1. Restricting to region 142-161, count the residues that are surrounded by 19 or more Cβ atoms within 10 Å (Cβ to Cβ) and among the aliphatic types (A, V, I, L, M).
2. Among the listed residues THR253, THR218, which satisfies the condition of being in a helix (DSSP H, G or I) and at pLDDT 95 or above?
3. Checking the conditions here, which among MET80, MET1 is farther than 27 Å from GLU203 by Cβ, exposed (fewer than 10 other Cβ atoms within 10 Å of the Cβ) and modelled with pLDDT under 80?
4. Which residue pairs have Cβ atoms under 7 Å apart, sit 6 or more places apart or on different chains, and have a first residue in region 112-125 that is without any contact (Cβ under 8 Å) to a residue 12 or more places away in the chain and a second that is part of a helix (DSSP H, G or I) and crowded, with 21+ Cβ neighbours inside 10 Å?
5. Output the qualifying pairs, or none if there are none: Cβ atoms under 9 angstrom, residues six or more apart or on different chains, first residue in region 316-343 and in contact (Cβ under 8 Å) with a residue 24 or more places away in the chain and under 15 Å from PRO299 (Cα atoms), second residue surrounded by 10 or more Cβ atoms within 10 Å (Cβ to Cβ) and of a type in the set (Ser, Thr, Tyr).
6. Pairs needed: first member in region 95-109, within 14 Å of LEU264 (Cβ to Cβ) and assigned to a loop (DSSP other than H, G, I, E, B); second member anywhere, modelled with pLDDT of 90 or more and of a type in the set (A, V, I, L, M, F, W, C); C-beta distance under 6 Å; at least 6 residues apart or different chains.
7. Go through region 165-202 and give me each residue that's part of a helix (DSSP H, G or I) and surrounded by fewer than 16 Cβ atoms within 10 Å (Cβ to Cβ).
8. Taking region 289-311 only, how many residues are closer than 25 Å to LEU264 by Cα and either part of a strand (DSSP E or B) or aromatic (Phe, Trp, Tyr) (or both)?
Amino acid sequence: MEFNVKKLVKDAGAALSRVVQLTEETLGTSEKTELDAHFEHLTERANTTKMWTEKILRNMEAMLTPNPGNRIEDFFYEKMDKKRPNRLSNLEYVGIDMIEAGNEFGPGIPYGSALIKVGQCQQKLGQIERDFIGTAANCYIQPLRKFLDGEMKTITKELQILETKRLDLDACKNRVRKARSMLGQQSESGISPEVLLDQAERELRVAQSEFDRQAEITKLLLEGVSSSQAGHLRCLHEFVEAQARHYAQCHATMQELQRELDGLTSGTYHSTNQQNVNEQINNEQEKARVICDYNARDPTELNLTQDEVINICHIPGDEDYVVGIRGREKGKVPKVYLEIIAIY
């Protein structure tokens, strides 16, 4: 118990000495030991890395999980070391509603069938999105968080210890200066100024040694930030690759959906309009010259070559398209690509 009391008194005295030293430095009445320019550069780089890593991490988490409530929920599950619930994405919820609506309207009608196909596509996109979020979390978010919670916390702690050692060192330097100024004078404590100076110099040597040792430890940690940035660069490449795969999968899925919907549209077009078109073809026809090439966008349209002449007939109620006829080939073509040259 006696040892603990002494230690407590000693620690309290050291803390008070640091407060006094810091106050005197703030007021400009005491000198401050400055670290070399290289060390200051390393410290500034580490602080900048920490600041931007925190910002990037926050924005990445917000991008991958836009709902703040879900982010909070995920945080608590992570802290409790529990698996978070399997949460559906907004795309999947939309897909479920579309499929249910399509079945309600009837999968045998064009709109009902289209709703089911689009809904299934949304569910697939939602799964692709969930896979991407998981991959991005593993390859980029987790390494950034590990860096902040591990290496940067250690660096911050060691910098705080270094600052404490620096305050102790400067307090010892002040005591040495004070003891030297009292040489040749009568000490109030009854201890000779020479003894006080010798004691202060011993304390200074110890403080200098501890400061130098802590500065070297902290410097090594700060230099390690370069290696961490190199690791973050590799993680960034992995994230970009995952994002490229994600968008490629989404693009392929949407192209497949467009082809399926075009098939539905083509069937609907032919079943509902073929009779009207045939009647129109059998009636009055016109000849038209093609102004410039045109590539058909789907099976219901006709490819055109510049300067060729084709037969056309108008589609009732359609002001933008006509039916082009080339031998046995028929299909819709935009009016703006044609110049009417004869009616017969």
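The values are calculated or read from the model by the stated rules, or taken from the named source; none is laboratory data. Nothing here was measured: the structure is a model prediction, and the numbers come from that model. Glycine gets a Cβ as well: all are built from the backbone with ideal geometry, and neighbour counts include every protein chain shown.
1. Selection size over region 142-161: 3.
2. THR218
3. Of MET80, MET1, the one residue that is farther than 27 Å from GLU203 by Cβ, exposed (fewer than 10 other Cβ atoms within 10 Å of the Cβ) and modelled with pLDDT under 80 is MET80.
4. Cβ pairs passing all conditions: GLY112/GLY102.
5. GLY331/THR300; LYS332/TYR269; LYS332/THR300; LYS332/TYR321; VAL333/TYR294; VAL333/TYR321; PRO334/TYR294; PRO334/TYR321
6. PRO107/ILE116
7. If the condition is that a residue be part of a helix (DSSP H, G or I) and surrounded by fewer than 16 Cβ atoms within 10 Å (Cβ to Cβ), then ARG177, LYS178, ARG180, SER181, GLU194, VAL195, ASP198, GLN199, GLU201, ARG202 are the ones that fit.
8. The number of residues fulfilling the criteria is 3.
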